1. In the range 249-277, how many residues are assigned to a loop (DSSP other than H, G, I, E, B) and of a type in the set (S, T, Y)?
2. Can you tell me which of I147, I136, I126 is within 12 Å of the ligand (Cβ to nearest atom) and among the aliphatic types (A, V, I, L, M)?
3. Considering only the range 68-114, how many residues are closer than 12 Å to G128 by Cα and part of a loop (DSSP other than H, G, I, E, B)?
4. Can you tell me which residue within the range 253-286, out of those that are aliphatic (A, V, I, L, M) and touching a residue at least 60 places away in the same chain (Cβ under 8 Å), is farthest from the ligand (Cβ to nearest atom)?
5. Within the range 150-167, restricting attention to residues that are within 15 Å of the chain's Cα centre (by Cα) and within 23 Å of P300 (Cα to Cα), which residue is farthest from the ligand (Cβ to nearest atom)?
6. So how many residues does the range 201-225 have that are within 12 Å of the ligand (Cβ to nearest atom) and either part of a helix (DSSP H, G or I) or not aliphatic (A, V, I, L, M) (or both)?
Amino acid sequence: MTIALGLIVSRFIHYLALSVLFGAALFPLYGMKRSPLHDYPFLPWLRPVLLVAAIATLISAFSWLAFATAGMSGSLADAMDRDTLSIVIGGTSFGQLWVVRLALAVIVTLLLLPKKQGAWRHYAVIAGSLVLLASIGASGHAGENVIHMIADSIHLLAAGLWIGALFALFVLVIVSANSNMEILRTALLRFSGIGTSVVAVLVLSGLINSWFLIGPDKLDQLFVSRYEQVLLIKLVLFGAMLLLAAANRFWLTPRLAAALDSDSAPSAPLRPLRMSILSETVLGVGVLAAVAWLGTLEPPGLA
Ligand code: HEM
């Protein structure tokens, strides 16, 4: 495994795990009628999913630090070398930020260990994962630029909200049987309700990122550099996600609602909905893979 590949894989797992942790933890707050925080067994699958995501966040944070250290020293052998690690942790803003993030990831994981959760623990998990996700913005290409850092953190939170919600919706659409079809309908309607604002925030914060990292003076030679080509792949995947999201909102969810209102079997509209949500989720994972690579490439605007 080369240092670059190790870093890309660690970043990818970290983005994915943290998006699921933040987005799926937040989902019941806007996606459900009753407050599930008091009926926690209401979503028996949520705590195990969040616990796995928290553990994956912790492990990938460690490997991100290890491969970043190897990248700075130029040798893979230094990835786990105590002296090199302590120089990076003590002597770089990345290292200092990462130690705080690692401690927070441990706290969030410990919060999810007990079977009986309850409201305050859940709010603490949401708050902890929000800080973990937003704080990545202080480690990347934004550097010391505060406006860029804020736009990037907002971008990360909107991305996490969308990807995490897709994971929660996918589990819901899989586990949904006749008994809780109304829960699924409410969740789909509520998510598509905030979906438009999430997309708007992603596009706006993404354009701000692009402004700083590509720059208005480089628009004439767009998609020449490897960085821009990977960004283009990301935008194509994003476009495909938008098409599926529109199909869910304006066609597949209304079909399911019509079946439920007319007491006819929901299985027919449920099948394409499952496929559509699965495809949208897979595309979202593809976007995160592109971003994991993008963050290791030199943007033309910083060259
Ligand atoms: C599903 C939609 C999207 C998701 C899930 C997503 C996710 C992300 C993530 C996780 C990052 C990494 C931020 C960091 O590590 O600092 C990022 C960075 C970025 N995104 Fe997006 N994004 C989406 C849509 C967009 C759109 C629509 C644009 C352009 C209009 C865009 C442009 C960018 C740029 C330029 C960066 C900076 C990459 C770098 O650090 O070099 N993104 N995105």
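Computed from the coordinates by the stated procedures, all read-outs in this text should not be read as laboratory data. Source: prediction; values computed, not measured. Cβ coordinates were reconstructed from backbone atoms using ideal geometry, including for glycine residues, and neighbour counts include every protein chain displayed.
1. Taking the range 249-277 first, the residues assigned to a loop (DSSP other than H, G, I, E, B) are 262-266.
Checking the rest, the ones that are also of a type in the set (S, T, Y) come to 262, 264.
The total comes to 2.
2. On the way: I147 fails: within 12 Å of the ligand (Cβ to nearest atom); I126 fails: within 12 Å of the ligand (Cβ to nearest atom).
Testing whether each residue is within 12 Å of the ligand (Cβ to nearest atom) and among the aliphatic types (A, V, I, L, M) leaves just I136.
3. Restricting attention to the range 68-114, the residues satisfying the condition of being closer than 12 Å to G128 by Cα are 100-112.
Checking the rest, the ones that are also part of a loop (DSSP other than H, G, I, E, B) come to 112.
Total meeting the criteria: 1.
4. So the first thing to find is which residues in the range 253-286 are aliphatic (A, V, I, L, M), and the list is 256-260, 265, 268, 270, 273, 275, 277-278, 282-283, 285.
With the extra rule that they be touching a residue at least 60 places away in the same chain (Cβ under 8 Å), the set shrinks to 256-257, 260, 270, 273, 277-278, 285.
On the way: L256: 24, A257: 25, L260: 29, L270: 25, L273: 20, I277: 14, L278: 16, V285: 9 Å.
Selected residue: L260.
5. We begin by selecting, within the range 150-167, every residue within 15 Å of the chain's Cα centre (by Cα); these are 152-167.
Retained after the next criterion (residues that are within 23 Å of P300 (Cα to Cα)): 152-156.
Numbers: D152: 5, S153: 8, I154: 10, H155: 5, L156: 5 Å.
Applying the filter and picking the extreme gives I154.
6. Narrowing the range 201-225 to residues within 12 Å of the ligand (Cβ to nearest atom): 201-215, 225.
With the extra rule that they be either part of a helix (DSSP H, G or I) or not aliphatic (A, V, I, L, M) (or both), the set shrinks to 201-213, 215, 225.
Going through the range 201-225 one residue at a time, the tally reaches 15.
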